[in-house]
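Colleague: I have a structure I would like to understand better, so I am pasting it below and will then ask my questions one at a time.
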Amino acid sequence: MKNISYDYGNLLRSDKIQNGITNSDFVDLSQEVAEVHLRIQQDQQLETVGFFSLPDRNVDHLIAAAKTLRERFETLVVIGIGGSALGNKALFSALLNSKNLDREVIVLDNVDPNMLHQVLSSIDLENTLFNIITKSGTTTETMALYLIILDVLKKNFPDTYKEHVVITTDPEKGFLREIIRKEKYLGFDVPDNVGGRFSVLSDVGLLSSAFAGIDIKELLRGAAAMRKRCNNDDISKNPAYLNGLNHYIYYKKGYRVSVMMPYSNDLYDLADWYRQLWAESLGKKIDDDGDFVFTGQIPVKAIGATDQHSQLQLYMEGPNDKIITFLEVEDFDNDYVIPDLFPKINEFAYLANKTLSHLLNTEKIATELALYEAGRPNCTIKFPALNEYNIGEFIFMYQVQTLFTGYLMNIDPLNQPGVEDGKKNTMALMGREGFEQMAEQVRLKIADKDKQGAKI
């Protein structure tokens with residue numbers, strides 16, 4: 001099986017990339033890299049960062065459960081948000097076309113009422129299963145949707161509504177785990193030591209994948225192969241460390257935006273998964289020494305060739321503050337030959353008898369060259385094919401890369417304290433018990449803010 005590859009030549013200093021990375025940049029950071037590598041090795045040994053052990057799990061129970069559920073249902077609706085949703089989307093979208101998946105996975109990851117209406121109007125409820133995913137069992141958005149869906153199911157299937165629900169949550173504690181025990185729902189686990197945005201290779205992402213027809217053992221085999229590469233302390237042989245270090249060096253040089261640009265529509269949701277991973281892990285106000293650092297690199301997603309006709313103008317001639325990562329697919333499972341219908345029309349006769357995949361990848365190469373010539377740093381991760389093994393490699397690489405980069409930044413890449421204030425404000429304003437005092441404070445703050453009268 002061919003592995004994904006990482007080409008970073010366009011990040012190195014040259015006559016075009018004058019602010020690029022030099023060997024001395026690597027040398028200057030060699031001690032920090034060695035210390036971070038030791039810390040990551042300790043994380044694995046102590047199992048404090050749980051995603052490292054996920055490739056070793058026995059997933060026969062998930063495969064068996066998915067087989068039984070596939071016999072009964074045609075559609076699986078995932079109800080979750082953030083890490084409980086984006087990984088599911090990414091896996092299904094990435095492999096939908098190449099694997100000819102025979103079951104549908106829909107992800108409900110927002111409380112937009114129109115979105116819910118659209119989903120409920122488009123599915124056959126009789127043949128639909130709902131997977132409620134929240135580690136805490138208290139996620140506001142997920143629980144709101146769960147309550148609505150549960151009410152719909154009870155009204156339509158008063159005797160069999162439980163058959164339409166599975167729950168993925170904390171293995172021991174929380175409201176939903178109690179519901180599983182009490183109501184006898186089919187339940188799955190979010191491991192204690194695995195954070196939401198690192199959970200795609202756990203039950204969180206694997207159950208829906210197995211239901212869709214994805215070979216989850218191959219996903220984990222690819223992740224395990226990448227883990228082996230990422231345990232190498234030689235950074236030139238470790239793609240996660242190397243890409244993380246390159247991003248860190250560019251960040252220190254003032255490149256505060258990281259663009260991921262797949263040249264494959266199937267990988268667009270994978271770029272969405274990356275945005276959460278990079279933003280929530282690295283966007284931190286305080287470092288491990290207690291100092292205010294306000295660090296983080298802004299992740300942006302684009303799609304080739306579509307965004308050559310929109311975002312690329314900014315990347316070519318706007319502020320030189322972006323590092324661009326292309327995702328390229330070497331071998332597409334489906335392809336079309338452009339017919340030679342107008343051989344005498346010079347404007348497009350040159351396209352005749354060439355494939356669409358050749359055109360798409362040629363556009364990627366041409367764009368990469370144009371950016372390089374303009375002095376804009378970029379790199380490429382190449383997928384030999386869109387298969388479970390290569391997707392598993394990519395996911396694990398970026399999880400390690402994120403952890404590595406966060407440690408280099410001297411911040412905690414595993415927490416998300418900045419998200420909590422908004423969550424608490426929401427619960428207070430919605431009238432959650434125990435938040436009465438906070439609710440009054442929030443309303444006073446809103447009233448004080450509104451006195452500014454900055455409205456028209």
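No value in this document is a laboratory result; all are computed from the given coordinates. Nothing here was measured: the structure is a model prediction, and the numbers come from that model. Virtual Cβ from ideal backbone geometry, glycine too; neighbours counted across all protein chains shown.
Colleague: Defining a contact as two alpha carbons under 8 Å apart and six or more residues distant in sequence, what relative contact order in percent does the chain show?
Modeller: Relative contact order comes out at 21 percent.
Colleague: Have a look at the DSSP beta bridges in the chain and tell me what percent are antiparallel, nearest 5.
Modeller: 15
Colleague: Which order do 119, 33 fall in if you start with the one that has the fewest other Cβ atoms within 10 Å?
Modeller: 119, 33
Colleague: Which of 272, 448 has the fewest other C-beta atoms within 10 Å, and how do the rest follow up to the most?
Modeller: Going from sparsest to densest Cβ surroundings: 448, 272.
Colleague: Calculate the spin-label point distance for residue 231 paired with residue 13, positioning each point 7 Å from the Cα along the beta-carbon direction, and give it in nanometres.
Modeller: 3.6
Colleague: Ok, one more. How much net charge surrounds residue 229 when only other residues with a Cβ under 14 Å from its Cβ are counted (Lys, Arg +1; Asp, Glu -1)?
Modeller: Its environment carries a net charge of +2.
Colleague: Kindly give Rg over Rh for segment 256-320, based on alpha-carbon atoms, with the Kirkwood expression for the hydrodynamic radius.
Modeller: Radius of gyration relative to Kirkwood radius: 1.09.
Colleague: Given contacts defined as C-alpha pairs under 8 Å and at least six residues apart, what's the relative contact order of segment 50-218, whole-number percent?
Modeller: Contact order relative to length: 33 percent.
Colleague: Related question: Can you work out the FRET efficiency for the pair residue 432 and residue 289, with r the C-beta to C-beta distance and R0 = 30 Å, to the nearest 0.05?
Modeller: Calculated transfer efficiency: 0.30.
Colleague: About the Cα centre, and with charges only on the beta carbon of Lys, Arg (+1) and Asp, Glu (-1), how big is the dipole of the chain? Nearest 20 debye, please.
Modeller: Around 400 debye, computed over the chain.
Colleague: Could you list log10 I(q)/I(0) for segment 61-194 at q = 0.09, 0.22 Å⁻¹, which the Debye formula gives when each Cα is one point scatterer?
Modeller: For the requested q values the scattering log ratios are -0.25, -1.67.
Colleague: Let me ask you something else. Fewest first, what order do 335, 25, 203 take by the number of other Cβ atoms within 10 Å?
Modeller: In increasing order of surrounding Cβ atoms, one gets 335, 25, 203.
Colleague: Per DSSP H run of n ≥ 4, the term is -39500 (n - 2.57); total these for the chain, divide by its residue number, and report the mean residue ellipticity at 222 nm rounded to 500 deg cm²/dmol.
Modeller: -14500 deg cm²/dmol
Colleague: Now for a separate question. Quick one: of 135/217; 89/135; 173/285; 322/451; 99/284, which pairs are farther than 28 Å apart, Cα to Cα?
Modeller: From 135/217; 89/135; 173/285; 322/451; 99/284, over 28 Å: 173/285; 322/451; 99/284.
Colleague: With every atom except the alpha carbons ignored, what do you get for Rg and Dmax of segment 65-132, in angstroms?
Modeller: For segment 65-132, the Cα radius of gyration and maximum Cα-Cα distance read 12.1, 32 Å.
Colleague: Here's a follow-up. Please name which of 196, 14, 371 has its Cα lying farthest along the dipole of the chain towards the positive end, using unit charges on Cβ (Lys, Arg +1; Asp, Glu -1) and the Cα centre as origin.
Modeller: The Cα lying farthest towards the positive end belongs to 196.
Colleague: May I ask for the net charge around residue 154, where only other residues with Cβ less than 14 Å from the Cβ of residue 154 are counted and Lys, Arg are +1 while Asp, Glu are -1?
Modeller: -2
Colleague: Which net charge results for the neighbourhood of residue 107, defined as the other residues with beta-carbon distances under 10 angstrom from its beta-carbon, given Lys and Arg at +1 and Asp and Glu at -1?
Modeller: Summing Lys and Arg as +1 and Asp and Glu as -1 gives -1.
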